[in-house]
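> Handing you a structure now.
The values are calculated or read from the model by the stated rules, or taken from the named source; none is laboratory data. If you're wondering where the values come from, they're calculated on a predicted model, not measured in any experiment. Quick reminder, even Gly has a Cβ in these numbers, built from the backbone with ideal geometry, and neighbours come from all protein chains shown. Remember, those area values only see protein heavy atoms, side chains included, never the ligands or the DNA or RNA. Shrake-Rupley method; radii C 1.70, N 1.55, O 1.52, S 1.80 Å.
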Amino acid sequence: MTDHQVSPRTDAQAWVAGSDAPEKSSINLGFMPLTDSASLIVAATQGFAEPYGLSLNLKRQVSWSGLRDKLISGELDAAQGLYGLVYSMQLGIGGAAATDMAVLMGLNQNGQSINLSTPLQQAGVCSGETLAQHVHRSSAKLTLAQTFPTGTHALWLYYWLASLGIHPLRDVNTLVVPPPQMVEHLRAGRIDGFCAGEPWGAHAIDQGMGFTVATSQSIWPDHPEKVLGCTSAFVEQYPNTARALVMAVLEASRFIDASEENKISTAQLISADAYVAAPRQVIEPRFLGNYEDGNGHAWRDGHALRFHGDGAVNLPYLSDGLWFMTQFRRWGLLREDPDYLAIASQVQQLALYRDAASALGILQPASPMRSATLLDGRHWDGSDPAAYARSFDLHALNEASSSADDQGTSPCCASS
């Protein structure tokens with residue numbers, strides 16, 4: 001992947017006046033209490049929006065389904081979103097009617113984790129391999145939580161389990177739990193583990209409720225994670241506002257990643273009750289890339305949470321959108337192959353993003369496609385998504401049609 005440098009514009013203030021002025025100056029911006037909401041919190045509270053004529057009104061949400069519904073109703077103008085949530089809204093799966101959506105930019109890469117309970121740890125489950133042994137010899141199914149049926153956490157969990165030979169729709173039970181409630185569900189014994197964003201994996205360790213068995217970056221180094229999303233109608237009605245919003249969040253993202261000092265101050269900021277509402281000592285280590293898994297291992301992660309990465313994080317890559325649709329197909333959320341590239345090209349707001357990034361002199365990856373090799377050795381480059389979706393040994397492709405015909409929906413949709 002080759003980056004090219006775009007010369008910075010010298011008329012940033014032009015976005016505030018004249019023909020480039022935001023059509024709407026006050027934005028209701030949704031977020032979840034997660035570490036990776038940091039760039040939105042910083043943009044709204046540290047003066048990054050005002051130069052672009054915007055006032056960002058942060059609206060903390062209780063659940064991803066609630067955030068989705070408020071985006072559709074217009075109560076939220078834009079929001080931190082799970083990649084898979086935005087695409088499920090576009091495709092009309094996961095509990096809502098199809099709504100044309102827009103991914104304005106990527107907010108972050110990496111930084112999620114799969115965590116198992118202390119009782120499992122005490123039973124000798126300390127790795128993916130020992131979990132697979134436990135699942136296949138036990139008569140009782142484990143219950144594992146994720147945060148939204150089509151969200152990134154569900155798909156990281158499914159991908160990881162399948163790589164171990166555990167079918168996520170047959171061999172275990174899964175349920176939806178909002179991120180801040182994960183630790184209490186562990187404490188109450190309602191779940192045996194979960195996949196969620198930080199700081200909730202670290203918090204489970206801090207509370208003696210579990211351990212981290214895998215990070216999401218161990219599944220896919222520098223994987224796509226949260227995005228800045230809105231409806232397509234919002235972009236069409238307020239194009240200058242959307243561009244100004246991207247510029248403000250880009251500047252905040254660049255600030256966070258600029259130094260460890262900035263990351264430390266950001267961890268302190270977002271720990272407040274109005275935002276993530278978790279102790280700084282739980283947020284900060286993994287925010288800085290310093291991991292302890294609660295199983296006696298500590299390391300400096302080479303692919304820790306990042307918000308900018310000199311521009312590599314924020315481009316709304318077509319291939320990222322394509323990948324999530326391949327997993328919808330793999331797990332029976334889609335009965336047929338969609339027009340992968342056409343849909344991604346509609347949702348990913350590449351032209352708007354490139355305009356905003358160019359104005360700020362931010363490096364832009366030349367290609368909207370990127371490649372990666374995931375933990376099971378499979379190579380992804382977006383070139384043939386339909387074949388990729390069919391390439392996995394464990395899947396729900398054959399079950400999708402019959403289950404959907406019987407139930408009026410797909411098996412995964414039924415869990416939403």
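> Right, D206: surrounded by fewer than 23 Cβ atoms within 10 Å (Cβ to Cβ), over 19 Å from the mean Cα position of the chain (by Cα) and farther than 22 Å from G106 by Cα or not?
Yes.
> Suppose we filter G321, G296, G361 for residues that are open to solvent by less than 40 Å² (accessible area, probe 1.4 Å) and at positive phi; which single one remains?
G361
> Next question, about the same structure. Can you pull out the residues in region 64-76 that are closer than 17 Å to P180 by Cβ and open to solvent by less than 30 Å² (accessible area, probe 1.4 Å)?
Of everything in region 64-76, those that are closer than 17 Å to P180 by Cβ and open to solvent by less than 30 Å² (accessible area, probe 1.4 Å) turn out to be W64, G66, L67.
> How about region 260-271: which of its residues are without any contact (Cβ under 8 Å) to a residue 40 or more places away in the chain and open to solvent by 40 Å² or more (accessible area, probe 1.4 Å)?
E260, E261, K263, I264, S265, Q268
> Regarding region 98-109, can at least one residue be identified that is more than 13 Å from N28 (Cβ to Cβ), in contact (Cβ under 8 Å) with a residue 60 or more places away in the chain and open to solvent by 10 Å² or more (accessible area, probe 1.4 Å)?
Yes; the residues of region 98-109 include at least one that is more than 13 Å from N28 (Cβ to Cβ), in contact (Cβ under 8 Å) with a residue 60 or more places away in the chain and open to solvent by 10 Å² or more (accessible area, probe 1.4 Å).
> Which one of these is assigned to a strand (DSSP E or B), touching a residue at least 24 places away in the same chain (Cβ under 8 Å) and surrounded by 15 or more Cβ atoms within 10 Å (Cβ to Cβ): Y353, Y291, Y275?
Working: Y353 fails: assigned to a strand (DSSP E or B); Y275 fails: assigned to a strand (DSSP E or B).
Among Y353, Y291, Y275, only Y291 is assigned to a strand (DSSP E or B), touching a residue at least 24 places away in the same chain (Cβ under 8 Å) and surrounded by 15 or more Cβ atoms within 10 Å (Cβ to Cβ).
> Sticking with this structure for a sec: Is at least one residue of region 209-225 in contact (Cβ under 8 Å) with a residue 12 or more places away in the chain and under 30 Å from G74 (Cβ atoms)? Spell out the reasoning first.
Keep residues of region 209-225 that are in contact (Cβ under 8 Å) with a residue 12 or more places away in the chain, which gives 209-225.
Adding the requirement that they be under 30 Å from G74 (Cβ atoms) leaves 224-225.
Within region 209-225 (the criterion being in contact (Cβ under 8 Å) with a residue 12 or more places away in the chain and under 30 Å from G74 (Cβ atoms)), the answer is yes, since at least one residue qualifies.
Okay, residues lined up against (1) free of Cβ contacts under 8 Å to residues at least 24 places away in the same chain; (2) surrounded by 14 or more Cβ atoms within 10 Å (Cβ to Cβ); (3) of a type in the set (S, T, N, Q):
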{"position": "A78", "(1), (2), (3)": "no, yes, no"}
{"position": "G84", "(1), (2), (3)": "no, yes, no"}
{"position": "M89", "(1), (2), (3)": "yes, yes, no"}
{"position": "G95", "(1), (2), (3)": "no, yes, no"}
{"position": "T118", "(1), (2), (3)": "no, yes, yes"}
{"position": "C126", "(1), (2), (3)": "no, yes, no"}
{"position": "E129", "(1), (2), (3)": "no, no, no"}
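> Could you pull out the residue among L315, L333, L375 that is touching a Cys at 6+ places or on another chain (Cβ under 8 Å), in a loop (DSSP other than H, G, I, E, B) and not assigned by the TED database to the domain that holds W200?
On the way: L315 fails: touching a Cys at 6+ places or on another chain (Cβ under 8 Å); L375 fails: touching a Cys at 6+ places or on another chain (Cβ under 8 Å).
Of the residues listed, the single one that is touching a Cys at 6+ places or on another chain (Cβ under 8 Å), in a loop (DSSP other than H, G, I, E, B) and not assigned by the TED database to the domain that holds W200 is L333.
> Of everything in region 324-345, what is open to solvent by 10 Å² or more (accessible area, probe 1.4 Å), touching a residue at least 60 places away in the same chain (Cβ under 8 Å), over 15 Å from D384 (Cβ atoms) and not hydrophobic (A, V, I, L, M, F, W, C)? Give them in sequence order.
Across region 324-345, the qualifying residue is only R335.
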